[in-house]
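The structure appears right after this line, and notes come after that.
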Amino acid sequence: MPVSLPDTETFTSFYTGDNLLLLNYLKETLSKSGFCFLYVWSAFLSGKTHLLHASCHYLSHLDKRISYIPLEQYLLLEPDILLGLDDYDLVCLDNIDKIAGNRAWEEAIFDLFNRLLENNNSKLLITGNAPPKQIPFILPDLISRLEWGQVYQLKELNDEDKLYALQLRALLRGFELPTDVGLFLLKRVDRDMKTLSNLLDKLDKMTITAQRKLTIPFIKTMFNL
């Protein structure tokens, strides 16, 4: 399934916060030879998908074969999509919790894991909303496989770090997010990073169209606040 990866979600644009150990281990994993597996979980919209996108960008720039599969869209897919991934350099399965309880998908992922392990070439990255044992899988062997490698929790950013993360994203897009504007946004919208990042991108486009700077009065005008 062709998936368009957002070019803004790279390692450069990922604000680390308390996740430096995870980020360093992920980069180290991508640089190793042989099969490597990493499972990343978080109960929040805190950047799991960003890390997978960043990993794909990192290896694609090295002319590696990559595959990113968003499992929240599994109803639009068939488990057979995993059959052609044996010789890929990087396979990313995002939100594995979405297929929990679906035996066909669980067996397909278990079989993929075993094939990649046997070939000893690919990097396998999987994300979920909880540790493997806390997800209601029906296949015990899959849980065992998911606990076979390193399991990391992606820690949510606090509000101060979220402000810094937004300012970094703005800087990389070529504009400035003043601190007072960032704090104004944090107090008035859902504070998960996905919502905040999407809003920032929208505001960037609005300021360009209106030829205005990003200010609190501008935001109030645009959203009738």
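At a glance:
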{"item": "Residues residue 114 and residue 33, FRET efficiency given R0 of 25 Å [Cβ-Cβ distance, rounded to 0.05]", "result": "0.80"}
{"item": "Members of 27/155; 98/155; 194/220; 64/133; 123/205; 48/98 lying beyond 26 Å, as alpha-carbon distances in this model show", "result": "64/133; 123/205"}
{"item": "From phi via Karplus (6.51, -1.76, 1.60), per-residue ³J(HN,Hα) for the stretch 153-161 in Hz, x at Gly/Pro", "result": "8, 7, 7, 5, 6, 7, 4, 5, 5"}
{"item": "Apportionment of accessible area to carbon and sulfur, the stretch 79-169, percent (1.4 Å)", "result": "42"}
{"item": "Residue 179-residue 201 FRET efficiency (beta carbon distance; Förster radius 22 Å; 0.05 resolution)", "result": "0.70"}
{"item": "Proximal charge balance of residue 17 [Cβ under 9 Å; K/R count +1, D/E count -1]", "result": "-1"}
{"item": "Inter-probe distance in nm under a simple model that places probes 7 Å from Cα toward Cβ, at residue 134 and residue 212", "result": "4.3"}
{"item": "Residue-normalised accessible area of the chain, expressed per residue, 1.4 Å probe, Å²", "result": "52"}
{"item": "Label selected from (1) 58, 50, 41; (2) 58, 36, 32; (3) 86, 45, 34, the criterion being Cα extents along the principal axes in Å as computed here", "result": "(2)"}
{"item": "The stretch 36-52 - phi-based ³J(HN,Hα) in whole Hz, Karplus 6.51/-1.76/1.60, Gly and Pro as x", "result": "9, 10, 9, 10, 10, 10, 6, 7, 10, 7, 10, x, 4, 5, 4, 5, 5"}
{"item": "Nearest-10 value in Å² for the accessible area of residue 145, using the 1.4 Å probe", "result": "60"}
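The values are calculated or read from the model by the stated rules, or taken from the named source; none is laboratory data. A quick note: this is a predicted structure, and the numbers were derived from the prediction, not measured. Backbone-built Cβ (ideal geometry, glycine too); neighbour counts: all protein chains shown. Surface accessibility is based on the protein's heavy atoms, side chains included, excluding ligands, DNA and RNA. Shrake-Rupley method; radii C 1.70, N 1.55, O 1.52, S 1.80 Å.
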